[in-house]
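None of the figures in this text is laboratory data; all of them are computed from the coordinates on show. Source: prediction; values computed, not measured. All Cβ positions, glycine included, derive from the backbone under ideal geometry; neighbour counts span all protein chains shown.
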Amino acid sequence: MSQTFAVEEVDAIEMFFEEGWTDGLPVVPPTPERVEAMIAAGGLDADEVLGTVPALRRSVTVELAAVNAVMAGCKPEYFPIVLAATGALLDPAFNANAVLTSTGGSALCVIVSGPLSREIGMNSRFGALGCGNRANATIGRALRLISINVLGVKHGSLDASSFGHPGKYSLCFAEDDPPAPWEPHRVELGYERDDTIVTLVPTEGPRQVANMLNEDPEGVLRTYVSYMKVAGQFITGKGGQAVVIMGPEHALAVRQGGWTKDQIREFFLAESRVFPEELEAAGVIIERGSQHKMETGDDGKLATFGSVDDLFVLTAGGEGAGWSSYIPTWAPKLHSRSVTRRVRVAGEALPDCGPDACEVVLPPLDSERSAS
Amino acid sequence: MTQVTLYKPVVEETYEPMQLAERGIPTGGARLALIDNGKANAKKLLQLIAEELRSRVEIADVEIVSKKSAGAPIDPDTASAVAGRSDLVVTAIGDCGACSACSLHDALQFERMGVPATVVISDPFVNHIAGLSAKLGMPGYPTVVVPHPVSSKDEAHLRKLAASVADTVAANLTASAVAAAA
C-alpha cells in the first residue's frame, strides 16, 4: 500500500520537485479523492499487481499507477488505457530495465487504436504527436512518472540516457482509422474492430517525412525508406522495429494507387535493406563477433527490419502540405520489442473458464498436521 | 495555512540482503568463467584480463560464455550450469546503462549461487551501479572500473587496460578485497 503524508497545501508542488518525484514539470498533487476516483475508473483492486521488473526489484500496483496517473494530470476515464500501457511496459518481452536505463534514451511511445480513444477525446488528427491534447499528453506522461517513481529509474541515477529526447515527457497518440479497404492497426493485429488496444514501442524521436509533390505510390513510399536506411540510425542493418504514420495526403495517394498495407510493409522490409558499404561509407563500422548479428543475406545486404511484423503502418495526422511521421525503435529487437495489450474497460467480466476449471482437492487439515 | 494529505508516488524498497559468496581458490587452481555480454570489445577485454589474472591467481581453466543480449541478464539455466562448473566469474562489459545493470545482476546471481564474481564497468556508470547494487541488496558491491570508452579501442590499448585492472579483479575475486569492503 502506498503511504500518505501531510503537507501544507501551498508547499505541495514544490515538495514533489524537491523529492525528485517529477519529470521536470509540475505535477498534480495526488489527494486521496483524486487517487480513489482514478482507481475506481480502472475497475481493478488497488493492491493488484500489474507486473514486476525483477532486475529493478520493483512491482507496480494499481494504486501506485493511479497515484502517478493523477500526478500526470490524467482524468479517471483515461485510466483503463494507462493500465493497459503499464501492463505492456512490465511485460518481460518489452524489457523495461534495458529501455529505461539505457544510454540510448528511449521514449515510451504509446499507440492507442480503438473506439475508447475517441470516447476519451484523444487526438488522432492535427497535431497528433504534439502538445495541446490532455489525453495524449497525460497518458504518455503517466507511464513516464510510473517509470521514474515506481520503477525507480530517475534522471541522474538509473536513467543513464546520454541525450534522451522530448518524447520522454510523453509520446502518445491515437490512430485515425483508415477508410476501407485499409484496416485499423488493432484489426491487423487480430483484435476486434470494437476493441481498444495499446501498442507500446520503445522509440527514438519522430522524423517528419516530407513529400509534397509526388502522388505516385512508390515514389511516396521511397521517401519513408530514405529515413529507414540512414546510416546514423542505430537500427539500420541490425533488425529493429518502426512506427510509420501516414498523413492524409500520402495515405490517400498510396491507397488510391491500389496498395494494401501488407504490400506497403513488404516494400519497406525489402527496400530498407542496406549494403555494408553504405554504412561504412558513413563511418559506421560493421560489428563482428558481437551481440548484433550483422550478417548479409543472399542479396549481400543487411536487414534493418527482421520481418513485416516489425513495421507498424498507421494513419493519423491532419491535412497539410504532405507530411508523415516515421519513428524507429531505439535499439535492435534483441534488446527490447514492442508489446500490445488490449484495454479492459472497467466492469468487464473475466473470461469464464467453465464450471469444472481450477478445481483442486486439498488434503484434510488433520493429515497435513500429522505429515509435518 | 491548510494541510492536505497526499499519496507518496514511490515505494519503500524491500529486498532480501544478499550474502557475498565465500572467497578462496581451490587446490589445483580455479576454473574461471568469463561472461561476455556481446558489447564491442567485451570478449577481447575479458580474454586479456584472464591472461593477466594467471600471473596473480592460480587458474586451472578458462571458459567464455557469450550472452545473446547485453540488455538482459544471463539466462538462469545457463547461469546454474556455469556456476556448477566454475570457481570464479568475471562479467563484462558495463559501458552503458542497461548492460552495466545486467552484468552487475549477473555477477550478483553468481554470488548468490556461491561463486565469487565481479563486474567490469566503465567510469561514467559508477553511480548507476552503486544505486542498483544497493537496490539489489548489496550496497557498495566492489566493481572493476575502466575509463570510458572501451568499445572503440584497439588491442594494444585493451592489453594495457587489462594489465591496469588485473590487480583489482584479483582482489575482488579473492578473500582480501571482500574483507576490506565489509
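Percent of alpha carbon pairs in region A:206-328 separated by more than 21 Å?
Details: 2858 of 7503 pairs.
Tail of the P(r) past 21 Å holds 38 percent of the pairs.
Express in whole angstrom the spacing between the alpha-carbon centres of region A:137-153 and region A:222-282. What the calculation gives is 31 Å, centre to centre.
First measure r as the distance between the Cβ atoms of A:Phe17 and B:Asp75, then evaluate 1/(1 + (r/R0)^6) with R0 = 56 Å and state the FRET efficiency to the nearest 0.05. The formula returns an efficiency of 0.85 here.
Amide H contacts of A:Thr4 (H built 1.01 Å from N, in plane; Pro and chain starts excluded): B:Lys8 sit under 5 Å, all sequence-distant by 5 or more or on other chains.
Compute the signed sum of charges (Lys and Arg +1, Asp and Glu -1) over the other residues within less than 11 Å, Cβ to Cβ, of B:Ile25. Please report the intermediate quantities before stating the final value.
Numbers: positive: B:Arg23, B:Arg31, B:Arg56; negative: B:Glu58, B:Asp87.
Within the 11 Å Cβ shell, the charges total +1.
Around the Cα centre of the protein assembly as shown, unit charges on the Cβ atoms of Lys, Arg, Asp and Glu (plus for the first two, minus for the last two) sum to a dipole of about 1260 debye.
When the protein assembly as shown is described by a simple charge dipole with +1 on each Lys and Arg Cβ and -1 on each Asp and Glu Cβ, the residue from B:Pro149, A:Met71, B:Gly114 located farthest towards its positive end is B:Pro149.
Looking at chain A alone, DSSP beta bridges between its own residues are antiparallel in about 70 percent of cases.
Other residues whose C-beta falls under 13 angstrom from the C-beta of B:Ser152 contribute a net charge of -1, scoring Lys and Arg +1 and Asp and Glu -1. In chain A, helical runs assigned H by DSSP with n ≥ 4 each contribute -39500 (n - 2.57); averaged across all residues and rounded to the nearest 500, the mean residue ellipticity at 222 nm is -8500 deg cm²/dmol.
Candidates A:Val60, A:Met228, A:Met212 compared by Cα position along the dipole of the protein assembly as shown: farthest toward the positive end lies A:Met228, with charges placed on Cβ.
Grab the beta carbon distance between A:Arg288 and A:Arg134, set R0 = 51 Å, and tell me the FRET efficiency rounded to 0.05.
Details: r = 49 Å, r/R0 = 0.96.
The calculated FRET efficiency here is 0.55.
In the elastic network of chain A, a GNM with C-alpha springs shorter than 10 Å, the most mobile of A:Ser124, A:Ser338, A:Ser102 is A:Ser102. For chain A, which span is the longest to avoid every loop-located (per DSSP) member of chymotrypsin sites (Phe, Trp or Tyr not before Pro) having at most 14 other Cβ atoms inside 10 Å? It works out to A:164-372.
Determine the relative contact order of region A:1-131: mean sequence separation of Cα pairs under 8 Å and six or more apart, normalised by residue count, in whole percent. Provide the component values of the computation, followed by the final result.
Details: 113 pairs, mean separation 26.2, N = 131.
Answer for region A:1-131 is 20 percent.
With a simple spin-label model that places each label point 7 Å from the Cα along the Cα-to-Cβ direction, the separation between A:Thr4 and B:Lys160 comes to 6.2 nm. Across region A:1-26, the residues whose backbone nitrogen lies under 19 Å from the label position 7 Å along the beta-carbon direction of A:His155 are A:13-26. What fraction of the DSSP beta bridges in region A:206-328 is antiparallel, stated in percent and rounded to the nearest 5? Taking every DSSP beta bridge within region A:206-328, about 60 percent pair in antiparallel fashion. Label region B:30-181 by shape, choosing from rounded, prolate and oblate, from the square roots a ≥ b ≥ c of the eigenvalues of the Cα gyration tensor; if a/c is under 1.5 it is rounded, and otherwise prolate applies when a/b is larger than b/c, oblate when it is not. Rounded is the answer for region B:30-181, as its axis ratio a/c remains below 1.5. Once C-alpha pairs closer than 8 Å and six or more residues apart are averaged by separation and normalised to the residue number of region B:30-181, the relative contact order reads 26 percent.
You can think of it this way: the chain between A:Asp47 and A:Asn214 has 54.7 nm of extra reach, that is 0.36 nm per residue less the Cα-Cα gap.
Taking the Cα centre as origin and putting +1 on Lys and Arg beta-carbons and -1 on Asp and Glu beta-carbons, what dipole magnitude results for region B:1-138, to the nearest 20 debye?
With only Lys, Arg, Asp and Glu charged at Cβ, the dipole is about 200 debye.
Other residues whose C-beta falls under 14 angstrom from the C-beta of A:Val49 contribute a net charge of -3, scoring Lys and Arg +1 and Asp and Glu -1. Placing unit charges on each Cβ (+1 for Lys and Arg, -1 for Asp and Glu) gives the protein assembly as shown a dipole about its Cα centre, and among B:Ala171, A:Ser272, B:Ile93 the Cα reaching farthest toward its positive end belongs to B:Ala171. Once each of the GluC sites (Glu not before Pro) sitting in a DSSP loop with at most 14 other beta-carbon atoms within 10 Å is removed, chain A keeps A:49-191 as its longest stretch.
Using only Cα atoms, figure out Rg for the protein assembly as shown and give it as a multiple of 2.2 N^0.38 Å. Numbers along the way, then the final one.
On the way: Rg = 25.7 Å, N = 554, 2.2 N^0.38 = 24.3 Å.
Dividing the Cα Rg of the protein assembly as shown by 2.2 N^0.38 Å gives 1.06.
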